[in-house]
1. Would you mind telling me the antiparallel percentage of the DSSP bridges in the chain, rounded to 5?
2. Which of the pairs 95/225; 21/81; 165/217 have their Cα atoms more than 29 Å apart in this structure?
3. Once both labels are modelled 7 Å past Cα along the beta-carbon direction, what's the residue 110-residue 126 spacing in nm?
4. Pop a pseudo-label 7 angstrom from the Cα along the beta-carbon direction at both residue 241 and residue 99 and give the gap in nm to one decimal.
5. To the nearest whole percent, what portion of all C-alpha pairs in the chain is separated by more than 31 angstrom?
6. Give me the angle, in degrees from 0 to 90, between the Cα long axis of helix 219-259 and the longest principal axis of the Cα atoms of the chain, rounded to the nearest 10.
7. In the range 229-261, which residues have a backbone nitrogen under 18 Å from the label point lying 7 Å from residue 44's Cα in the Cα-to-Cβ direction?
8. For an R0 of 35 angstrom, estimate the FRET efficiency from the Cβ-Cβ distance between residue 92 and residue 259 and round to the nearest 0.05.
Amino acid sequence: MDEERFFFWSPEEKQLRQALKGLRDNYGCEALKFETEAEGASFEEIRYYMNLALGQMAIKVKIGGPEARNDIRELLKIGVKGIIAPMVESPYGLKNFITALSDLASPEQYKYLFKGFNVETITTYHQIDDIFALPEIKQIDKISIGRSDLAGSMDMKPDDEPVMKVVQEVTEKAHRIGLAVSVGGGITPGNARRISEQINPESINTRNLGFALSRVKDPAVSIQKALEFETALLEHRARQAKADFDRLQKRIEVLKERMGQ
């Protein structure tokens with residue numbers, strides 16, 4: 001690959017890149033996702049994974065809030081493919097998100113940037129008709145319904161029937177205005193088929209991976225592969241963190257020895 005000329009990857013990183021390619025080509029994966037919000041990914045981490053995924057997968061990032069301007073500014077510099085706003089609970093929240101994006105992105109960036117927001121509380125559900133009625137909704141490419149937070153706001157679990165009914169209703173309303181939907185939150189191999197068939201979204205997503213259902217042969221298998229990849233990614237990050245810790249600890253010991261001399 002041409003990218004190999006410009007980046008050095010360890011054997012473990014090459015395995016992760018190959019796994020990403022397999023997820024894309026064989027299991028319908030369309031995006032690698034990170035968060036500056038709950039997950040708290042740093043810009044340095046996102047830049048690292050941008051390089052790791054280069055040529056394999058688009059990177060989309062959920063920012064710290066609808067108007068998290070510093071997040072937006074830095075992510076535009078990094079060159080992520082898409083920006084997603086969390087906690088859009090009112091028409092005002094969506095207006096703020098679109099205003100922040102249009103203020104900070106160049107016209108060319110704004111044109112090609114994937115724009116999305118999360119539906120993740122019962123408050124948003126109660127406001128959804130007003131949110132969908134805004135002219136700004138035409139700027140949105142896709143909404144993501146986060147079942148875990150939604151269920152938490154209802155004091156329920158993600159697979160409980162009242163939660164599923166809310167997810168289905170929001171999806172149907174989104175489809176009526178031509179808006180695509182991704183469903184995530186507590187997605188497992190065991191419930192992936194049910195969500196795909198009952199809710200009928202365009203995509204399903206785990207914490208770090210999004211899958212286009214039009215290219216997914218079996219949602220249960222794709223989600224199993226996603227969880228395997230995310231486990232490998234976390235193990236890789238843990239080993240990196242341990243190596244950093246060990247280097248710092250060694251330096252501390254050297255300094256303590258010098259203090260005793």
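Taken together, the values in this text are just the output of simple stated rules run on the coordinates, not laboratory data. Note that the coordinates shown come from a computational prediction; the quantities given were computed from them, not determined experimentally. We place every Cβ from the backbone using ideal geometry, glycine too, and count neighbours over all the protein chains shown.
1. In the chain, DSSP labels about 20 percent of beta bridges as antiparallel.
2. 95/225
3. 3.3 nm
4. According to this spin-label approximation, the distance is 3.7 nm.
5. Working: 10000 of 33930 pairs.
Distances greater than 31 Å cover 29 percent of the Cα pairs.
6. 40 degrees
7. Zone members listed by number: 236-252.
8. On the way: r = 57 Å, r/R0 = 1.62.
Efficiency computed from Cβ-Cβ geometry: 0.05.
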